[in-house]
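Visitor: What follows is a structure written as C-alpha cells; I'll ask about it next.
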Amino acid sequence: MRALVIGEVNALGIKPTVASLVTAAAKAAGTVDILLLGQQQTAQDVAKCFRGVDKVYVNPDEGDNILTESLSKAVVALVKEHSYSHVFFEASSMGKSVMPRVAALLDVAPLSDVTAVIDAQTFIRPIFAGSIDVTLKDEEPIVVASIRATAFDPCEKDGAAQIVMNAPFPETMKTRKVSFEAVKTDRPALQSARIVVAGGRGLEDEAGFQKLTQLADRLGAAIGATRAVVDLGWCPNDWQVGQTGKIIAPDLYIAFGISGAMQHIAGIKDAKVVVAINNDPEAPIFEVADYGLVMDAKAGIEELLKELN
C-alpha cells in the first residue's frame with residue numbers, strides 16, 4: 001500500500017503540520033509520497049527529510065495561487081497514475097475544500113477529521129462536537145481522508161526522499177487567482193503555537209482583548225477567541241477556536257472569560273495543560289481545566305501582567 005499526503009506550503013515554507021500527516025499516512029499505508037503545493041527550496045529541503053517518505057512531487061505553481069478545482073483534478077490524476085491506496089489531506093480550509101471533491105471524482109466516500117489510525121482501514125474520528133469518538137472501518141478501494149494534524153506527533157526528519165517536479169496543474173475553468181494577501185503578524189501561528197491565550201465574552205469588550213494582546217506579546221503566545229466574540233466583532237475571525245474554527249493542541253492554553261461550550265471545548269481537547277479564569281464557579285470549562293481560578297477575567301489578565309513585569 002502507498003499513501004499520498006497533500007503537503008500545504010505557506011509564505012514561510014512547508015507547514016509544520018505536514019510532518020504529522022506523514023506520521024498518520026505511514027501508519028496506514030507504510031510507504032508515503034508527498035504532493036508539495038509550492039516550489040520553495042526550503043519547503044523541498046524539509047519535505048525530503050521526512051522519515052518514511054519515498055517521493056516528493058513538487059507543484060511548479062505557488063501554493064497560494066492554486067485553484068481548488070485544478071488541485072482536485074491533479075490529485076486524482078496522481079492517484080490513478082500511481083495506484084495510491086490512501087490520500088490524506090490536513091483538516092484545514094484547503095483540505096476541507098479539496099478532499100470531498102477528490103473523493104467524488106474517485107467515486108468513494110470521504111472520511112473527515114481523523115484523530116487516530118488503527119490500521120489501513122480502521123480509523124477514529126470525533127462526532128457530536130467532539131463529545132464522542134467513533135471507531136469505523138473504511139472499506140472503500142481508496143481511502144480519502146482529512147487528518148486532524150494536532151492529534152499526531154510529527155515524524156522524524158532523517159529520511160532522503162526523491163524530489164520529482166510534477167506537471168503543471170490543469171486549468172479547469174477560465175478563472176485564475178489574481179492576488180493573495182496574507183495576514184502578517186509576529187505572533188506564532190494559532191495552530192502550531194506552544195502557548196495560546198484566549199478570550200470569551202467575560203472580557204466584556206474590545207478593550208479587554210487589547211489587554212489580552214498585551215499578555216500574548218509578553219508570553220510570546222498566539223491569541224484565540226470564542227465564536228461569540230468573533231461574531232460580536234471584538235476580534236478577527238482567524239482567532240476563532242472550536243468546532244467551527246481552528247483545532248489547536250498547545251502545551252499551554254489559558255482561557256479568560258470563556259464559559260466552555262461544547263463547540264469550543266472540541267477545539268482544545270488536545271491541549272496539554274488548560275488553565276481557566278472565570279468569575280462563574282459553575283462554568284463548564286472548569287470541568288476540563290487542569291487549573292482553575294474563579295475571578296474576573298480582566299482582573300486576571302492585569303494580575304498576570306503585573307507578575308510578568
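The values are calculated or read from the model by the stated rules, or taken from the named source; none is laboratory data. The structure presented is a predicted model; accordingly, all values stated were derived computationally and were not measured. Heads up, the Cβs are rebuilt from the backbone with ideal geometry, glycines too, and the neighbour counts pull from every protein chain shown. All accessible areas refer to the heavy atoms of the entire protein, side chains included, with ligands and DNA or RNA removed. Shrake-Rupley method; radii C 1.70, N 1.55, O 1.52, S 1.80 Å.
Visitor: About the Cα centre, and with charges only on the beta carbon of Lys, Arg (+1) and Asp, Glu (-1), how big is the dipole of the chain? Nearest 20 debye, please.
Guide: On the way: 29 positive and 39 negative charges, 124 e Å.
Roughly 600 debye, rounded to the nearest 20.
Visitor: So, with a 1.4 angstrom probe, what is the percent of accessible area on segment 44-130 that is carbon and sulfur?
Guide: Values: 1760 of 3430 Å².
It is 51 percent, rounded to a whole number.
Visitor: For the Cα atoms of the chain, what angle does the longest principal axis make with the long axis of helix 93-106, in degrees from 0 to 90, nearest 10?
Guide: Helix 93-106 sits at roughly 30 degrees to that axis.
Visitor: Still on this structure: For the chain, calculate the relative contact order in percent as a whole number, restricting contacts to Cα pairs under 8 Å that are 6 or more residues apart. Show your work: numbers first, answer last.
Guide: On the way: 700 pairs, mean separation 48.1, N = 309.
This gives 16 percent for the chain.
Visitor: Among Pro16, Pro236, Pro250, which one moves the most in a GNM of the chain with springs linking Cα atoms closer than 10 Å?
Guide: Pro236
Visitor: Quick one: which residues, 5+ away or cross-chain, put their amide H under 5 Å from the amide H of Ala116? H built at 1.01 Å from N.
Guide: Ile124
Visitor: May I pose another question? For an R0 of 25 angstrom, estimate the FRET efficiency from the Cβ-Cβ distance between Ala207 and Asn309 and round to the nearest 0.05. Could you put the intermediate results ahead of the total?
Guide: Values: r = 19 Å, r/R0 = 0.76.
About 0.85, to the nearest 0.05.
Visitor: Ignoring ligands, DNA and RNA, what accessible area per residue does segment 215-272 give at 1.4 Å, in Å²?
Guide: Details: 2280 Å² over 58 residues.
Computed with neighbouring chains in place, this is 39 Å² per residue.
Visitor: Could the peptides 40-48, 290-298 be put in order, highest first, of the mean number of other beta-carbon atoms found within 10 Å of their residues? Write down the numbers at each step before the final one.
Guide: Values: 40-48: 18.2, 290-298: 16.0.
Top to bottom by mean Cβ count within 10 Å: 40-48, 290-298.
Visitor: Solvent-accessible area per residue for segment 51-169 at a 1.4 Å probe radius, Å²? Mind showing how you got there, number by number?
Guide: Working: 5440 Å² over 119 residues.
In whole numbers, segment 51-169 has 46 Å² accessible per residue.
Visitor: What angle, in degrees between 0 and 90 and rounded to the nearest 10, separates the Cα long axis of helix 297-308 from the longest principal axis of the Cα atoms of the chain?
Guide: Helix 297-308 sits at roughly 90 degrees to that axis.
Visitor: Quickly estimate the mean residue ellipticity at 222 nm for the chain, helices only: each DSSP H run with n ≥ 4 gives -39500 (n - 2.57), and the total goes over all residues, rounded to 500. Numbers along the way, then the final one.
Guide: On the way: 8 runs with 84 residues, N = 309.
Rounded to the nearest 500, it is -8000 deg cm²/dmol.
Visitor: If you don't mind, there's one more thing I want to ask. Carbon and sulfur: what percent of segment 192-244's accessible surface (1.4 Å probe)? Walk me through the intermediate numbers first.
Guide: Working: 1000 of 2410 Å².
C and S fraction of accessible area: 42 percent.
Visitor: Ok, one more. Given the whole protein assembly as supplied and a 1.4 Å probe, what does the accessible area of Ile195 come to in Å², nearest 10?
Guide: Surface open to solvent at Ile195 totals about 40 Å².
Visitor: If you don't mind, there's one more thing I want to ask. Is segment 218-309 best put as rounded, prolate or oblate by its Cα gyration tensor, with a ≥ b ≥ c the root eigenvalues, rounded for a/c under 1.5, and otherwise prolate when a/b is larger than b/c, oblate when not? Spell out each step's value before the answer.
Guide: Numbers: a/c = 1.35, a/b = 1.22, b/c = 1.11.
Rounded.
Visitor: OK, next. For Gly199, what residues show an amide H to amide H distance below 5 Å, using hydrogens built from the backbone and excluding near sequence neighbours?
Guide: Long-range HN contacts for Gly199: Gly224, Ala225, Thr226, Phe256.
Visitor: Right, another one. Quick one: of the DSSP bridges fully inside the chain, what percent are antiparallel, nearest 5? Before the final figure, lay out the partial values.
Guide: Numbers: 10 of 55 bridges.
Taking every DSSP beta bridge with both residues in the chain, the antiparallel ones total about 20 percent.
Visitor: Further question on the same structure: Pairs of alpha-carbon atoms within less than 8 angstrom and 6+ residues apart define the contacts here; what relative contact order does segment 214-309 have, in percent?
Guide: Working: 157 pairs, mean separation 21.4, N = 96.
Averaging sequence separation for qualifying contacts and normalising by length gives 22 percent for segment 214-309.
Visitor: Further, regarding this structure: Which of Ala249, Gly208, Phe88 sits closest to the plus end of the dipole of the chain, meaning its Cα is farthest towards the positive end, when Lys and Arg get +1 and Asp and Glu get -1 on the C-beta?
Guide: Ranked along the dipole, the leading option is Phe88.
Visitor: Follow-up. Compute, for Arg218, the solvent-accessible surface of its heavy atoms (probe 1.4 Å) with the complete set of protein chains present, and express it in square angstrom to the nearest 10.
Guide: My reading of the accessible area for Arg218 is about 110 Å².
Visitor: Right, next: Mind checking the angle between helix 68-82 and the chain's longest principal axis? C-alpha axes, 0 to 90 degrees, to the nearest 10.
Guide: 50
Visitor: If you average the sequence gap of Cα pairs under 8 Å that are 6 or more apart and divide by the length of segment 48-150, what percent do you get for the contact order? Could you put the intermediate results ahead of the total?
Guide: Working: 130 pairs, mean separation 29.0, N = 103.
Relative contact order here is 28 percent.
Visitor: Then there's this: Heavy atoms only, probe 1.4 angstrom, no DNA, RNA or ligands counted: give me His82, His264 ranked by accessible area, highest first.
Guide: Details: His82 60, His264 10 Å².
Largest accessible area first, the residues go His82, His264.
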